[in-house]
1. Looking at Leu11, Cys34, Gln47, which one has the Cα that reaches farthest to the positive end of the dipole of segment 9-48 (charges on Cβ: Lys, Arg +1; Asp, Glu -1)?
2. Test of understanding: given the chain, find the longest segment containing no trypsin sites (Lys or Arg not before Pro) that are in a DSSP loop and have at most 10 other Cβ atoms within 10 Å.
3. Amide H of Leu49 versus every other amide H placed in the peptide plane: which residues, excluding those fewer than 5 positions away on the same chain, fall under 5 Å?
4. Using θ = phi - 60° and the Karplus form 6.51 cos²θ - 1.76 cosθ + 1.60, what ³J(HN,Hα) does each residue of segment 79-93 get, whole Hz, x for Gly and Pro?
5. When P(r) over Cα pairs in 10 Å bins from 0, in percent is calculated directly from the model, which label among (i) 14, 27, 21, 16, 11, 7, 4, 1; (ii) 11, 18, 16, 14, 12, 13, 12, 3, 0; (iii) 11, 32, 27, 19, 9, 1 fits?
6. I need the calculated FRET efficiency for the pair Asn98 and Gln78, taking r as the beta carbon distance and R₀ as 30 Å, to the nearest 0.05.
7. Long-range amide H contacts for Ile33: which residues qualify at under 5 Å (H placed 1.01 Å from N, peptide plane, sequence gap of 5 or more or a different chain)?
8. In the Gaussian network model of the chain, springs joining C-alpha atoms below 10 Å, which of Phe77, Phe46, Phe55 carries the largest mean-square fluctuation?
Amino acid sequence: MQFYNGTPYDLEVELVTAKGDLIWTTCHRKWRICRTRKCVGLMGIFQELNEKKTFMNKALSTAMPELKAFSNSQKQFQINHADMIKGLLTQLQSWAENLNWLFCF
């Protein structure tokens, strides 16, 4: 990350409070650049994200087994039906070649 080129940036970081608790925070920063292209300040906000991160982590941990099960069932479908799909594609290719032969005259 380049800090002094004037590009705004957003960071999400986990911080330790004075009491020793871990909290998720975000900071959105934008450089204040004067006409001579020198940095004269930094503007932005600093915000706590603990509830949002906690909710997202719970949602992901709940959804992950379902996503894995769906992915596995999709792979199994492909394995079970690969020969049938290959046969259909071969048949379509044969029909296309026959049609091509018919229209060549």
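1. Of the candidates, Cys34 comes out farthest on the positive side.
2. Numbers: sites that count: Lys19, Arg35, Arg37, Lys38.
The longest such stretch corresponds to 39-105.
3. Excluding prolines and chain starts, which carry no amide H, the hits are Trp24, Thr25, Thr26.
4. Each residue's phi maps through the Karplus curve to give 5, 5, 10, 4, 5, 5, 5, 4, x, 5, 5, 5, 5, 4, 5 Hz.
5. Comparing each candidate, only (ii) matches the computed number.
6. Details: r = 29 Å, r/R0 = 0.96.
E(calc), rounded to 0.05, equals 0.55.
7. Long-range HN contacts for Ile33: Val40.
8. Of Phe77, Phe46, Phe55, the Gaussian network model singles out Phe77 as fluctuating most.
Values quoted throughout were computed directly from the atomic coordinates according to the rules given, and no laboratory measurement underlies them. This structure is a prediction, so every number in the text was calculated from the model and none was measured. Don't worry about glycine lacking a Cβ; one is built from the backbone with ideal geometry, like all the others, and counts go over all protein chains shown.
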